[in-house]
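Asks: Could you have a look at this structure, given as C-alpha cells, before my questions?
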Amino acid sequence: MGTVSYAQGQGKYFGKNNASQDKQTKSQKGKKMNRNIRNTMVAASATMLMSGCGSTGGNGNSTATTSTALPAAVQSAIEAPVSTLSQELTNTLSFMGNEERLAYDVYNTLYKEWGTKQFTNIATKSEYKHITAVQGLVQKYKLNDDANFTNVDLPALGYMTTAVEDMNAGTYDISEIQKLYDDLVAQGSTSEIEALKVGCIIEVVDVNDLDRDIELAEKEKATDVVTVFNFLRDGSYNHYWAFDKGLKKKGVSDGCCSLGTIDGVNYCHPEYPKK
C-alpha cells in the first residue's frame, strides 16, 4: 500500500498499590509486566507501519521535529478487536494512506521552497500523525501492498514494516496519487500564494474522500476505521482554515474560496467546522 501517519501510542499505566494493600504475588506482577511490555510494543511498532507512507528523514522528507503520539481514542481504536472489512473498505486504507502521505510530502516540499510556517507545522505536527494512524490499521489487519489491496496499480512499495522516516518522499503505488503529487508540487512551486492554494486543494480532496469512506465504514460497522478516519477529517478541517488564513494574510481576500470550482470540485467550504 503506498500511503500514508504509527503512533507512539499512549501506553496504559497502572495505579500504584497503597501500602495497606496486600502484596501482589509474583504471578500477578508478572502479568502486569507483560501487559506493560505488550502495550509499549504496540505503541512503538505503530510508528513503523504503513504501506507507502512518507515522513521525516533522509529520503527527501522534513527533518523538523515531528509529533507522533496519537490521541487516546485513536490509539484505543487501533488496539480494539478487528472488524470485518469488505474489499472496498480495505482499499480505502491503501488510498487514504497514500493520500495522507501525499499531504505530508507536498507540505514538506513547499516549506523548503517558500519557508511558509503553515507547511512545516501541519506536516510535522499533524500529517505525520495521520500517516501513523492509518499505518496502525494496516498493521492491525496485516495488510500487504501486493496481496490485500486491489487498487495498487504501480509497483508495490512494500512499506509494511518500514519506518516512516525511511520511506521515499514523492513516490506512491497508486497512480492517481502519484499524478496528483506531481501536479500539485508543480503548481505550488510557482509562487507562495499558489502553494497556499495547493494546501486548500489537498484538504478539500481529503475531506471529500473521507466523507465517502466514513459512510462506508459506518455501514460496515467498522468502528475502529470510523474513529481513525474521523480523526483525519477533523485535522483536514483545521488545515483548510490554516491555509485560508494564510491566503488572506497574503492579500487574497477570499482565501480558499478564491479557487471556486475546478473540474467539478468546489473548494469553497465556509461550512467546515472551526476550532
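The values are calculated or read from the model by the stated rules, or taken from the named source; none is laboratory data. Just so we're clear, the structure is a prediction, and the values are computed from it rather than from any experiment. Cβ coordinates were reconstructed from backbone atoms using ideal geometry, including for glycine residues, and neighbour counts include every protein chain displayed.
Asks: Would you pick out the residues in the range 106-120 that are more than 19 Å from LEU180 (Cβ to Cβ) and in contact with a helix residue (DSSP H, G or I) (Cβ under 7 Å, 6 or more places away or on another chain)?
Replies: Result: TRP114, THR116, GLN118, THR120.
Asks: Select from the range 189-205 the residues that are closer than 15 Å to ASN108 by Cα and in contact with a Lys or Arg (Cβ under 8 Å, 6 or more places away or on another chain) and list them in ascending order.
Replies: Once the filter is applied, which keeps residues that are closer than 15 Å to ASN108 by Cα and in contact with a Lys or Arg (Cβ under 8 Å, 6 or more places away or on another chain), the range 189-205 yields GLU192, LEU196.
Asks: For the range 252-265, does any single residue satisfy the condition of being modelled with pLDDT of 95 or more, touching a His at 6+ places or on another chain (Cβ under 9 Å) and surrounded by fewer than 23 Cβ atoms within 10 Å (Cβ to Cβ)?
Replies: Yes, that holds for at least one residue.
Asks: Shifting gears a bit: Only one of (1) crowded, with 22+ Cβ neighbours inside 10 Å; (2) in contact with a Gly (Cβ under 8 Å, 6 or more places away or on another chain); (3) over 24 Å from LEU137 (Cα atoms) is not met by LEU184, so which one is it?
Replies: With (1) crowded, with 22+ Cβ neighbours inside 10 Å; (2) in contact with a Gly (Cβ under 8 Å, 6 or more places away or on another chain); (3) over 24 Å from LEU137 (Cα atoms) applied to LEU184, the lone miss is (2).
Asks: When you go through ALA103, ALA69, ALA123, ALA64 one by one, which is the residue that is modelled with pLDDT under 95, within 23 Å of TYR181 (Cα to Cα) and not polar (S, T, N, Q)?
Replies: Every option except ALA64 fails the conditions.
Asks: Look at the range 118-169 and say how many of its residues are surrounded by 18 or more Cβ atoms within 10 Å (Cβ to Cβ) and among the small types (Gly, Ala, Ser).
Replies: 6
Asks: Just for the range 170-181: of the residues that are hydroxyl-bearing (Ser, Thr, Tyr) and in contact with a helix residue (DSSP H, G or I) (Cβ under 7 Å, 6 or more places away or on another chain), which one is surrounded by the most Cβ atoms within 10 Å (Cβ to Cβ)?
Replies: Out of the qualifying residues, it is TYR172.
Asks: Mind checking which residues of the range 186-198 are in a helix (DSSP H, G or I) and over 19 Å from the mean Cα position of the chain (by Cα)?
Replies: Passing the criteria: ALA186, GLN187, GLY188, GLU192, ILE193, GLU194, ALA195, LEU196, LYS197.
Asks: Please state which one of ALA133, ALA156 is in a helix (DSSP H, G or I), modelled with pLDDT of 90 or more and not basic (Lys, Arg).
Replies: Testing whether each residue is in a helix (DSSP H, G or I), modelled with pLDDT of 90 or more and not basic (Lys, Arg) leaves just ALA133.
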